[in-house]
Amino acid sequence: MKSKKTDGDIDCQKCRNQADCCRLGAWIDLEEAKKILSRGIKGDFFHLEIDKDFPSGYKVGTSYEDEKCVFQDPDGLCRIHKVDYALKPVTCKEFPFEGGRIAPIAEVLCVEHKARIKKSKSRRKKQ
């Protein structure tokens with residue numbers, strides 16, 4: 001999946017460590033979680049919170065504390081994605097973007113974004 005163009009074009013297919021972005025889970029809309037559960041996909045949701053930035057007004061996490069996403073299979077692939085890409089949460093589909101900009105957590109989780117930061121710093125040092 002190619003991410004939409006915003007702060008920069010990041011092609012997730014080029015990433016050698018595609019599972020890295022799932023190592024801390026994600027916040028997703030409660031209604032998305034309900035659809036996933038209705039399909040019987042193995043996994044749980046944690047930390048129901050009110051959040052008006054989400055369409056339903058509620059968000060849930062796909063991990064407990066700082067654990068990996070519970071929907072990540074041992075092969076590193078997303079169990080939700082394997083069943084039906086349409087069910088994959090919006091925050092997961094859009095990562096490393098959030099609200100049209102690079103998400104703050106991308107500097108921790110996105111290998112492609114970190115590589116760009118490193119290249120940019122190296123260019124500045126040479127100038």
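Values for this structure:
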item: Hey, P74 part of a loop (DSSP other than H, G, I, E, B) and modelled with pLDDT of 90 or more or not; result: no
item: Residue match in the stretch 88-100 (condition: loosely packed, with under 15 Cβ neighbours inside 10 Å, at pLDDT 75 or above and farther than 19 Å from R39 by Cα); result: yes
item: Hey, I28 assigned to a loop (DSSP other than H, G, I, E, B), crowded, with 16+ Cβ neighbours inside 10 Å and touching a residue at least 12 places away in the same chain (Cβ under 8 Å) or not; result: no
item: Matching residues, the stretch 30-46, being farther than 11 Å from R79 by Cβ and either in contact with a strand residue (DSSP E or B) (Cβ under 7 Å, 6 or more places away or on another chain) or of a type in the set (A, V, I, L, M) (or both); result: L30, A33, L37, F45, F46
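Yes/no matrix, rows are residues, columns are (1) at pLDDT 85 or above; (2) in contact with an Asp or Glu (Cβ under 6 Å, 6 or more places away or on another chain); (3) among the hydrophobic types (A, V, I, L, M, F, W, C):
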{"site": "D7", "(1), (2), (3)": "no, no, no"}
{"site": "C12", "(1), (2), (3)": "no, no, yes"}
{"site": "I36", "(1), (2), (3)": "yes, no, yes"}
{"site": "F54", "(1), (2), (3)": "yes, yes, yes"}
{"site": "E65", "(1), (2), (3)": "no, no, no"}
{"site": "D84", "(1), (2), (3)": "yes, no, no"}
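The values are calculated or read from the model by the stated rules, or taken from the named source; none is laboratory data. None of these values were measured; they are calculated from a predicted model. Neighbour counts are summed over all protein chains in view; Cβ atoms, including those assigned to glycine, are modelled from backbone coordinates with ideal geometry.
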